[in-house]
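Here is the structure we will look at.
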Amino acid sequence: MKLRLDQYPSAIAQASQHVNELEQNIAEVRYHIARLEGNADMVVAFEAALKNDNQRKARRFEVLQVNNEYQRAIDALNRSTTEKANAFAHLERLRNEFSVAKLEARFAIAQQLSGLESRELVGL
């Protein structure tokens, strides 16, 4: 659907706001993931049986893999990131369409003006 020239600024603003909302959502999900990872680190830190860093990393991975909330958060982050990329592509498309619409309007005005000038030369 092609918008009128005067509709593009508000459509671009709405699309930009949607991208910003998705960025906020992504930040919240990342914060939640960091909290869950911090909890996993705390669990691993108090396991005396783990002798070295590789064992601690492996145990941390195990703790996170069995955490359904962590898996849901990772899935939500992936979905939100994809949605943001699509929203950003939509925003860029609107910006480009607006640029093209402005150029088309300028071209139409130039054609009208050149038509008037040629009529004046002919004497109409």
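So, ALA101, is that one within 30 Å of ARG4 (Cα to Cα), within 14 Å of the chain's Cα centre (by Cα), in contact (Cβ under 8 Å) with a residue 40 or more places away in the chain and surrounded by 13 or more Cβ atoms within 10 Å (Cβ to Cβ) or not?
The answer is no for ALA101.
For segment 1-43, give me the residue count where each residue is over 23 Å from LEU91 (Cα atoms) and of a type in the set (Asp, Glu).
Selection size over segment 1-43: 2.
Is it the case that segment 105-119 has a residue that's surrounded by 11 or more Cβ atoms within 10 Å (Cβ to Cβ), touching a residue at least 40 places away in the same chain (Cβ under 8 Å) and of a type outside the set (S, T, N, Q)?
Yes - at least one qualifying residue is present in segment 105-119.
Take the residues of segment 61-98 that are more than 30 Å from ALA40 (Cβ to Cβ) and basic (Lys, Arg): which is surrounded by the fewest Cβ atoms within 10 Å (Cβ to Cβ)?
Initial filter on segment 61-98 (more than 30 Å from ALA40 (Cβ to Cβ)): 86-98.
This time we only want the ones that are basic (Lys, Arg), so: 93, 95.
On the way: ARG93: 11, ARG95: 15.
For segment 61-98, the residue satisfying everything is ARG93.
Taking the criterion of being exposed (fewer than 15 other Cβ atoms within 10 Å of the Cβ) and outside any helix (DSSP H, G or I), would at least one residue in segment 19-40 satisfy it?
Checked against the condition, which is being exposed (fewer than 15 other Cβ atoms within 10 Å of the Cβ) and outside any helix (DSSP H, G or I), segment 19-40 yields no hits at all.
Output the residues belonging to segment 6-62 that are of a type outside the set (Gly, Ala, Ser) and under 30 Å from GLU104 (Cβ atoms).
Step one: of segment 6-62, the residues of a type outside the set (Gly, Ala, Ser) are 6-9, 12, 14, 17-26, 28-33, 35-37, 39, 41-44, 46-47, 50-57, 59-62.
Selection gives ASP6, GLN7, TYR8, PRO9, ILE12, GLN14, GLN17, HIS18, VAL19, ASN20.
Given the options ALA11, ALA15, ALA48, name the one that is exposed (fewer than 11 other Cβ atoms within 10 Å of the Cβ) and of a type in the set (A, V, I, L, M).
Residue meeting the stated conditions: ALA48.
Since every read-out is calculated from the coordinates, none of them should be taken as a lab result. No experiment lies behind these values; they were computed from the predicted model shown. Don't worry about glycine lacking a Cβ; one is built from the backbone with ideal geometry, like all the others, and counts go over all protein chains shown.
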